[in-house]
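The values are calculated or read from the model by the stated rules, or taken from the named source; none is laboratory data. Keep in mind the model is a prediction, meaning the values are calculated, not measured. Ideal geometry is used to build each Cβ from the backbone, glycine not excepted, and the neighbour counts take in all protein chains shown. When the accessible area is computed, the model is the full protein with side chains, heavy atoms only, and any ligands, DNA or RNA have been set aside. Shrake-Rupley method; radii C 1.70, N 1.55, O 1.52, S 1.80 Å.
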Amino acid sequence: MVETEHHGHLPAGGLSAGVLSAWTLEQVDEGIIVLNREWLITYANATAAKLVAADPAALVGQSFWAVFDRAEGTEFDRAYRRAMATGKPEMFEAYYGPLTGWFEVRALPLAAQLVLLFRNINARKESEGERDRLLLSLEHSVDRGRRLLALTERLTTAVTVDDVASAVTNSVRTDVRAVFAGIALITSDGEALHYISLDPLPVETAQEWGGNFLLTRSAPPTVAVRSGRPLFHPSIDEALAEFPHMADDFRTAGAEALIHLPLVATGSALGVLALTWDTAQTWSVEERAYFLTVARYVGQALQRALLFEAQRDGMRTLQAAVLPDSLPPSPGLELAASYRPAEQSLHVGGDWYDVLVLPDGSTALIVGDVAGHGVPAAAVMAQVRHTLRAYLLRGDDVGTVLAQTNDALLIGGGSALATVVLARLDTGRSQLSVARAGHPPVVIVDDSGGQVLDPQHQYVGVMLGVVAGATYPVHTVPLQPGATVLLYTDGLIEDRVSSVDEGIEILAHTAGTLLHAGPPTQPLEHIVDLLVRAVLGGRGADDDICVLAATLSGTSEDTDPQVPLARAAT
């Protein structure tokens, strides 16, 4: 039996007293157990014995696997057997359930014995766990910050309400792994909510919630808006406890967890942000704070978007008031016009068009572009339009009319600037007369395709409002029956890649293709719309776009062949 006195010695068959003294072994805070090849315990110090509430002497002679019966099949078992079999030390850390502790273990083969040294490392593991928890919390904080930054960037570029809804759907829903993220806004009368984004809710739920529903209803979004408090329902049971009558709605939507956050800006409620998950959730205090921050950002972005849309709609109403209500009937002509405002503009654009049937039966086609935007530009548009009409009705040629309008703008030291193309189309003579004040050239499409009238810009004068006494040359060409005349503003032909002349050539080629590709009964208005979309090529309108088209009736078989446009232009 092994001596357990501090001054005792190991038996002759055990470890040599010259290597380890019993006294030394008893003083260390590591547990020490010595096993022979039959896995019998030949020595255990007090620290080891204390783990199993036994006297060290009582452990000697017992089978290790009987004392530590839950160690078999674990990492302890595998490591000890490898060490015994290979004669090589094993060092590892593992959790031992019966002692509810983590242990750092060294298994050292020595002669015909195996020395096990083990130390409880619960304190260290707890410290490491706390460190890992802190690191994980920091990682989550960094991740939330990154997601908020990405959302802020998206919301900063969101101009319209739909842009904001798209940012929420594509960014927030993905980031928090929700199955649905939608925004409902308070209607203009302040009495109901209306969802502006319902995808990807089931059809039945989308139909139920797609219309306006009164704020007096008892439902998570309406309660959130009325009370101004966020509603967090981590499980469907909690949601049903507050809204038992909505069991069918929740079931149809597949909702197992819900959040409804009031959207507020400058103290006013705008609507609610709804998030839904298909599994129960657990949200920490930090995560709930994150959702509230998201709602604050979305509310601010919505306020900007609503203000933008209100201003834009007001400006477009003003723009429509400046443009003709309709095109007048013009004998021998089919007319069509298209006006497309810049997509992200808050201002009235300077682009406009007009058509006037003159006393001699000819038709005046006018397209202009006033420098600047907003109400001042609208005022100049109205002034130029009415001045041109007045001089046209006097019967002067188009060059003289532009000169007179230019001088009228400069009376009293006005600073208004505008480009204008003025064309008189005489259907009886199949003749077109054009004068330009700094404006892009006319495009004519006939049997030979689309061609630019005056591609070298020989028949063009300065912009209106630049200098008094300016003159404007008139370019007169014959037209083939069935020919189409196109007047337009530079928003159609300018982009960041091509030059203006390249843009004009693209317009002429595209117009030639479209006007001869479809059936002859296709409305000119439809063709003009196709033309604008084709020339833009999928890009948004960075500037206002105005197009005015006039097609001369008849076919080339009805009359004698006309002089080719290219020859007449020279």
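Please go through the stretch 42-96 and give me each residue that is farther than 23 Å from Asn122 by Cα, at pLDDT below 90 and assigned to a loop (DSSP other than H, G, I, E, B), ordered by number.
Asp55, the sole residue that qualifies.
Write out, first by first residue and then by second, each pair whose Cβ atoms fall under 7 Å of each other, whose residues are 6+ apart or on separate chains, and whose first residue, in the stretch 216-242, is at positive phi while the second is of a type in the set (Gly, Ala, Ser).
As it stands, the answer is Gly228/Ala269, since those pairs meet every condition given.
How many residues, within the stretch 361-390, are in contact with a Gly (Cβ under 7 Å, 6 or more places away or on another chain), in a loop (DSSP other than H, G, I, E, B) and either without any contact (Cβ under 8 Å) to a residue 40 or more places away in the chain or crowded, with 16+ Cβ neighbours inside 10 Å (or both)? Before you say what the answer is, go through the steps one by one.
In the first step, residues of the stretch 361-390 are kept if they are in contact with a Gly (Cβ under 7 Å, 6 or more places away or on another chain); the result is 361, 369-373, 377, 381, 384.
Retained after the next criterion (residues that are in a loop (DSSP other than H, G, I, E, B)): 361, 371-373.
If we keep only those that are either without any contact (Cβ under 8 Å) to a residue 40 or more places away in the chain or crowded, with 16+ Cβ neighbours inside 10 Å (or both) as well, we get 371-373.
The qualifying residues number 3.
Specify the residue that is modelled with the lowest pLDDT; the eligible residues are those in the stretch 381-402 that are within 21 Å of Tyr353 (Cβ to Cβ) and of a type in the set (Gly, Ala, Ser).
Residue satisfying both the conditions and the ranking: Ala382.
So, in the stretch 11-41, of the ones that are at pLDDT below 85, among the hydrophobic types (A, V, I, L, M, F, W, C) and not in a helix (DSSP H, G or I), which residue ends up nearest to Ala85 (Cα to Cα)?
Residues of the stretch 11-41 that are at pLDDT below 85, as a first pass: 11-29.
Now narrow it down to the ones that are among the hydrophobic types (A, V, I, L, M, F, W, C): 12, 15, 17, 19-20, 22-23, 25, 28.
From the residues that got through so far, the ones that are not in a helix (DSSP H, G or I) too are 12, 15, 17, 19-20, 28.
Values: Ala12: 24, Leu15: 19, Ala17: 26, Val19: 23, Leu20: 24, Val28: 28 Å.
Once the filter is applied, the top-ranked residue is Leu15.
Give me the pairs: first residue in the stretch 86-108 and over 11 Å from Phe76 (Cα atoms), second residue of a type in the set (A, V, I, L, M) and assigned to a helix (DSSP H, G or I), beta-carbon distance under 9 Å, and six or more apart or on different chains, which are they?
Close Cβ pairs (under 9 Å, with a partner that is of a type in the set (A, V, I, L, M) and assigned to a helix (DSSP H, G or I)) amount to Pro89/Ala83; Pro98/Ala71; Leu99/Leu51; Gly101/Leu51; Leu108/Ala83.
Filter the stretch 494-510 down to residues that are among the aliphatic types (A, V, I, L, M) and under 34 Å from the mean Cα position of the chain (by Cα) and give me whichever is surrounded by the most Cβ atoms within 10 Å (Cβ to Cβ). Spell out how you get there, then give the answer.
First, the residues of the stretch 494-510 that are among the aliphatic types (A, V, I, L, M): 497, 500, 504, 506-508.
Cutting the leftovers down to under 34 Å from the mean Cα position of the chain (by Cα) gives us 497, 500, 504, 506-507.
Working: Val497: 8, Val500: 12, Ile504: 21, Ile506: 18, Leu507: 23.
Here the residue is Leu507.
Condition first: closer than 20 Å to Leu487 by Cβ, of a type in the set (Ser, Thr, Tyr) and at pLDDT below 90. Now tell me which residues in the stretch 514-570 satisfy that.
Ser553, the sole residue that qualifies.
What number of residues within the stretch 42-62 are of a type in the set (Gly, Ala, Ser) and open to solvent by 40 Å² or more (accessible area, probe 1.4 Å)?
Here is the first cut: in the stretch 42-62, the ones of a type in the set (Gly, Ala, Ser) are 44, 46, 48-49, 53-54, 57-58, 61.
From the residues that got through so far, the ones that are open to solvent by 40 Å² or more (accessible area, probe 1.4 Å) too are 46, 53, 58, 61.
Counting residues in the stretch 42-62 that are of a type in the set (Gly, Ala, Ser) and open to solvent by 40 Å² or more (accessible area, probe 1.4 Å) gives 4.
Out of Gly428, Gly438, I need the residue that is farther than 22 Å from Pro359 by Cβ and open to solvent by 30 Å² or more (accessible area, probe 1.4 Å). Which one? Outline the logic, then answer.
On the way: Gly428 fails: farther than 22 Å from Pro359 by Cβ.
Being farther than 22 Å from Pro359 by Cβ and open to solvent by 30 Å² or more (accessible area, probe 1.4 Å) holds for just one of Gly428, Gly438, which is Gly438.
If Leu514 satisfies all but one of (1) touching a residue at least 24 places away in the same chain (Cβ under 8 Å); (2) open to solvent by 40 Å² or more (accessible area, probe 1.4 Å), what's the number of the condition it fails?
(1)
Conditions: (1) open to solvent by 40 Å² or more (accessible area, probe 1.4 Å); (2) closer than 27 Å to Ala508 by Cβ; (3) among the hydrophobic types (A, V, I, L, M, F, W, C). Leu393 meets all but one. Number of the miss?
All conditions are met except number (2).
Go through (1) in contact with a Ser or Thr (Cβ under 7 Å, 6 or more places away or on another chain); (2) open to solvent by 10 Å² or more (accessible area, probe 1.4 Å); (3) closer than 19 Å to Leu507 by Cβ for Met463 and report which single condition fails.
(3)
Which members of the stretch 255-268 meet the condition of being over 13 Å from Ala301 (Cα atoms), modelled with pLDDT under 90 and open to solvent by 50 Å² or more (accessible area, probe 1.4 Å)?
Just the residues of the stretch 255-268 that are over 13 Å from Ala301 (Cα atoms), to begin with: 255-262, 267-268.
If we keep only those that are modelled with pLDDT under 90 too, we end up with 255, 267-268.
Listed by number, the residues that qualify are Gly267, Ser268.
Out of the residues in the stretch 207-221 that are out of contact with any strand residue (DSSP E or B) (no Cβ under 8 Å at 6 or more places or on another chain) and at pLDDT below 70, which is most open to solvent (accessible area, probe 1.4 Å)?
So the first thing to find is which residues in the stretch 207-221 are out of contact with any strand residue (DSSP E or B) (no Cβ under 8 Å at 6 or more places or on another chain), and the list is 207-208, 216-218.
Keeping just the survivors that are at pLDDT below 70 gives 207-208.
Values: Gln207: 140, Glu208: 93 Å².
Only one residue tops the list, namely Gln207.
I'd like the residue in the stretch 267-304 that is within 21 Å of Glu191 (Cβ to Cβ) and not in a strand (DSSP E or B) and, out of all such residues, is farthest from the chain's Cα centre (by Cα).
Applying the first criterion (within 21 Å of Glu191 (Cβ to Cβ)) to the stretch 267-304 yields 267-274, 299, 302-303.
Narrowing the set further to residues that are not in a strand (DSSP E or B) leaves 267, 299, 302-303.
On the way: Gly267: 26, Gly299: 16, Leu302: 14, Gln303: 17 Å.
Among them, the one singled out is Gly267.
Ile411 passes all but one of (1) free of Cβ contacts under 8 Å to residues at least 12 places away in the same chain; (2) buried (at least 24 other Cβ atoms within 10 Å of the Cβ); which number fails?
(2)
Being of a type outside the set (Asp, Glu), over 20 Å from Glu256 (Cβ atoms) and at pLDDT 75 or above, is that true of even one residue in the stretch 171-183? Give the derivation first.
From the stretch 171-183, those of a type outside the set (Asp, Glu) are 171-174, 176-183; that's our starting set.
Imposing the further condition that a residue be over 20 Å from Glu256 (Cβ atoms) reduces the set to 171, 183.
Filter once more, keeping what is at pLDDT 75 or above: 171, 183.
Within the stretch 171-183, one or more residues are of a type outside the set (Asp, Glu), over 20 Å from Glu256 (Cβ atoms) and at pLDDT 75 or above.
Out of the stretch 147-158, which residues are outside any helix (DSSP H, G or I) and crowded, with 17+ Cβ neighbours inside 10 Å?
Step one: filter the stretch 147-158 for residues outside any helix (DSSP H, G or I), giving 157-158.
Selection gives Ala158 alone.
From the set of residues in the stretch 67-119 that are among the polar types (S, T, N, Q) and either open to solvent by less than 80 Å² (accessible area, probe 1.4 Å) or over 55 Å from the mean Cα position of the chain (by Cα) (or both), which is farthest from Asn45 (Cα to Cα)? Give the steps one after another, and end with the answer.
First pass over the stretch 67-119, keeping only residues among the polar types (S, T, N, Q): 74, 86, 100, 113.
From what's left, either open to solvent by less than 80 Å² (accessible area, probe 1.4 Å) or over 55 Å from the mean Cα position of the chain (by Cα) (or both): 74, 86, 113.
On the way: Thr74: 23, Thr86: 25, Gln113: 16 Å.
Among them, the one singled out is Thr86.
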